[in-house]
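A short write-up of the structure that comes next.
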Amino acid sequence: MNENRLKAALFDLDGVVFDTEPQYSVFWGSQCRLYHPEHPGLEHEIKGQTLTEIYDQWFSGPLLPEQPVITERLNAYEAQMSYDYINGFERLIADLRQHGVRTAVVTSSNQPKMESVYRHQPGFRDLFDAILTSEDFQQSKPHPDCYLRAAQRLGAQINECIVFEDSFNGLRSGRAAGMKVVGLSTTNPVEAITPLSDLQVSDYTSMTYETLSELIKR
């Protein structure tokens, strides 16, 4: 029997590549207090949701005219955010690529957000064989479409891919795609992401190509 071989590593962006989730909590905390003072802590409930989901659930109806205003604020905020890599990420990427593993970012972020990323991290694009954003797929996480498209882009089969995610929607997307899933506890606690992932980590400091190769064979 042929063993599965790790061919592609597919990474979400916020909370997986970059330690940005605390910064988003600050931004959405300000907007939620402004528009939903009756719902304290809302910024924590919407973690991991796409902008469309947040708007549909919390900023529709009478607040619909405020969506462009919030989007403008968000774009300005993202332009000045810091984009620091999760501990061990760059080392892991180098290890994977040295072993011939292809890498991709699969994010619900849009191109304006990615332009901010590229300005702050000029070498970012060189770390990946493909970068898929919200413009590249029609259905957002938890639908598997984005990860299936990424695998196709990299020429990998489903059983040759590992997904790295932190949000519930992202973890479910990787699961629905039929891929092995590594859950990062950067946004949600370990016990909450365990049922949706095959391996749980807080960062990449102890992760290697060998670790992931063993995971893909299970």
Checking the condition free of Cβ contacts under 8 Å to residues at least 12 places away in the same chain, closer than 24 Å to Ile46 by Cα and touching a helix residue (DSSP H, G or I) at 6+ places or on another chain (Cβ under 8 Å), which residue from Gln200, Gln139 passes?
Gln139
Neighbours by Cβ (under 6 Å, 6+ apart or cross-chain): first from the range 150-163, within 17 Å of Phe128 (Cα to Cα); second among the β-branched types (Val, Ile, Thr) and assigned to a strand (DSSP E or B):
Ala150/Val106; Val163/Val181
Starting from the range 102-127, take each residue that is closer than 21 Å to Gly170 by Cα and list its partners that are of a type in the set (Lys, Arg) and open to solvent by less than 70 Å² (accessible area, probe 1.4 Å), counting only C-beta distances under 9 angstrom and pairs at least six apart or across chains.
Arg102/Lys7; Val106/Lys141; Thr107/Lys113; Ser108/Lys141
Quick one: which residue in Ile70, Ile131 is assigned to a helix (DSSP H, G or I) and modelled with pLDDT of 95 or more?
Ile70
Qualifying position, being in contact with a strand residue (DSSP E or B) (Cβ under 8 Å, 6 or more places away or on another chain) and on the phi > 0 side of the Ramachandran plot, among Gly174, Gly155, Gly178:
Gly155
Only one of (1) touching a Leu at 6+ places or on another chain (Cβ under 6 Å); (2) assigned to a loop (DSSP other than H, G, I, E, B) does not apply to Ala156, and that is (1)
Pairs with Cβ under 7 Å, 6+ apart, first in the range 69-80 and more than 14 Å from Glu21 (Cα to Cα), second modelled with pLDDT under 95 and of a type in the set (Gly, Ala, Ser):
Ala79/Ser116
Residue satisfying condition, being assigned to a loop (DSSP other than H, G, I, E, B), surrounded by 16 or more Cβ atoms within 10 Å (Cβ to Cβ) and of a type in the set (Ser, Thr, Tyr), within set Tyr77, Tyr55, Tyr83:
Tyr83
Kindly indicate whether Arg119 is closer than 26 Å to Asn188 by Cα and out of contact with any strand residue (DSSP E or B) (no Cβ under 8 Å at 6 or more places or on another chain).
no
Taking the range 169-197 as the region of interest, how many residues are part of a loop (DSSP other than H, G, I, E, B) and in contact (Cβ under 8 Å) with a residue 12 or more places away in the chain?
8
Identify, please: which residue in the range 146-174 is open to solvent by 20 Å² or more (accessible area, probe 1.4 Å) and within 14 Å of the chain's Cα centre (by Cα) and is, among those, modelled with the highest pLDDT?
Arg172
Counting only residues that are buried (at least 20 other Cβ atoms within 10 Å of the Cβ) and not β-branched (Val, Ile, Thr), how many does the range 175-187 have?
6
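The values are calculated or read from the model by the stated rules, or taken from the named source; none is laboratory data. Bear in mind that the values here come from a model prediction, so they are computed numbers and not experimental data. A quick note on method: Cβ atoms are made from the backbone with ideal geometry, for glycine too, and the neighbour counts reach across all protein chains shown. Areas reflect the complete protein model, heavy atoms only, side chains present, ligands, DNA and RNA absent. Shrake-Rupley method; radii C 1.70, N 1.55, O 1.52, S 1.80 Å.
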